[in-house]
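The values are calculated or read from the model by the stated rules, or taken from the named source; none is laboratory data. These numbers were taken from a predicted model, which means no experiment stands behind them. Here Cβ is always computed from backbone atoms with ideal geometry, including for glycine, and neighbour counts include all displayed protein chains.
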Amino acid sequence: MYKVSFCEESDTVIRLHAEVLAGTHDCPFCRSREVGAWGQRSVTLLDMPRRGKRVEIVATARRLRCKNKGVCGKLFQQPLPDTSEHHNMTKRLRRWIGEQGRVRTFVAIARDLQIAEATVRQVFGDCIREIESAMRILPPTVLALVNVQVHQACRVAAVNAELGTLVGLVDKDEAAALSAYLADIYDRHKVGFVSLGPSGPALAAVELVLPDAVPFLDKPHVLGMVDRAVRGVRRTVRRDVTRQVRDKHLLDDGLILEQRLRDLSGEHLSALEMWRASFPALSDALEAAEGVRRIYDKDAGIRDGSDAADALAAAVGGLGGLCATHFQPLVSTLRAWRGPWSNYFTHAGARAGGLERLDDIQAIGTVLEELGRSHAFGAVRANLLLPPALPARSFSSRGVSISRLVAGAGVV
Ligand SMILES: [Zn+2]
């Protein structure tokens, strides 16, 4: 405990002069109880700000000398209670920085305390690591790594694909950052499958850190590429006709192109007939898309990568001109990703445990934009994944529900 002897206050600083109350102290080196006074020493500790002013405690601690002369005889200082000695601050200030860092910028906190932003960042990081060490996120059987666009940056959401929970957040789509994340997963050998988009760094990290897990190119990423190809064709077709033609003949084209043939209404089927005559690029795009989408139907009989490659070739092989150009990225990606793409079909666990859709996961980007307007990534990540303060005892978690996260932020 401290006993405050007097207090000075200026416009910006409150300075409390305090004495560390004496107790009996053993020598920390030899445990001898025979110790004697050896002067004193002042240490300035930072405490929580009050009334917008920086608070300093100038603590006077006694210096003591071990009297166990022949053996030890060392000098030491009376310990400072409730102090985070590493940073010369009180423990409650350290806790305060851990809490404030979640909701305010490090710059603002540093300004309040009149200390360097780097110190705030460091103390906050320590607090976060402490909370993390009390918490164990259980490893998913099927882990999905999904790139999430946030303003100019690309983050990677780590998702428990079976439960639809967020289990991690990586600040960059880079192999080093992803490897560090994967290496930190508790019981990581339990991860059996990793659902991926066509991201080279993610595949490299998985192969390096989780060599026994099966990486696979997941369905919604492939279907997303199909949608992009179709949209590209549509955009070009519409650009090359007059507004009158668009309004008369291309009314529901966007809607039609998203659908499976079996779901088209009578009206849409006659529109498709008309496209065959007047806008063959559109009908070709829809038929090619149908061929690729069909690969994922349960009754399509695709058993492995070679069945899938044959079906792909049948769907897009004959495309020419405009369609060929827009489907090219899909074709070359699937060719380059042949192994992980095959894994999806060969492994029942990948097929059953993969993702059905990406839009809810990608909506996390909007949540991150909201949370992260001025915050450091570490604080945003902590807000999403960690409890607000150090829990009383360690606990396990299966991650945070993505639908709740996204609904809570009013995104969906
Ligand atoms: Zn001693």
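Between Ala313, Ala285, Ala277, the distinction of being assigned by TED's automatic domain parsing to the domain that holds Arg238 and in contact (Cβ under 8 Å) with a residue 40 or more places away in the chain belongs to Ala285 only. Of the strands (runs of 3 or more DSSP E) lying entirely inside the stretch 18-81, those containing at least 3 residues that are within 11 Å of the ligand (Cβ to nearest atom) span 53-66.
Taking the criterion of being over 19 Å from Pro220 (Cβ atoms) and part of a helix (DSSP H, G or I), the residues of the stretch 379-406 that qualify are Ala379, Val380, Arg381, Ala382, Asn383, Leu384, Leu385, Arg404. Can you tell me which residues in the stretch 150-193 are part of a helix (DSSP H, G or I) and touching a Lys or Arg at 6+ places or on another chain (Cβ under 9 Å)? The answer is Leu178, Leu182. Among the residues of the stretch 200-233, those identified as assigned to a loop (DSSP other than H, G, I, E, B) and either surrounded by fewer than 22 Cβ atoms within 10 Å (Cβ to Cβ) or hydrophobic (A, V, I, L, M, F, W, C) (or both) are Leu210, Pro211, Asp212, Ala213.
Taken over the stretch 104-127, the criterion of being within 18 Å of Val13 (Cα to Cα) and assigned to a loop (DSSP other than H, G, I, E, B) is satisfied by Gln114, Ile115, Ala116.
With respect to Gly101, is the statement that it is in contact with a Gly (Cβ under 9 Å, 6 or more places away or on another chain) and either farther than 30 Å from Leu390 by Cβ or part of a helix (DSSP H, G or I) (or both) true? Here the answer is yes, as Gly101 does meet what is asked.
Screening Val241 on (1) assigned to a helix (DSSP H, G or I); (2) surrounded by 14 or more Cβ atoms within 10 Å (Cβ to Cβ) shows it passes everything except condition (1). Listed conditions (1) surrounded by 19 or more Cβ atoms within 10 Å (Cβ to Cβ); (2) over 26 Å from Gly200 (Cα atoms) are all met by Ser403, apart from (1).
Per the conditions (1) in contact (Cβ under 8 Å) with a residue 12 or more places away in the chain; (2) over 22 Å from Leu334 (Cα atoms), the sole criterion not satisfied by Phe216 is (2). In the stretch 288-308, the residue that is surrounded by the most Cβ atoms within 10 Å (Cβ to Cβ) out of those that are farther than 15 Å from Leu334 by Cβ and touching a residue at least 12 places away in the same chain (Cβ under 8 Å) is Glu290.
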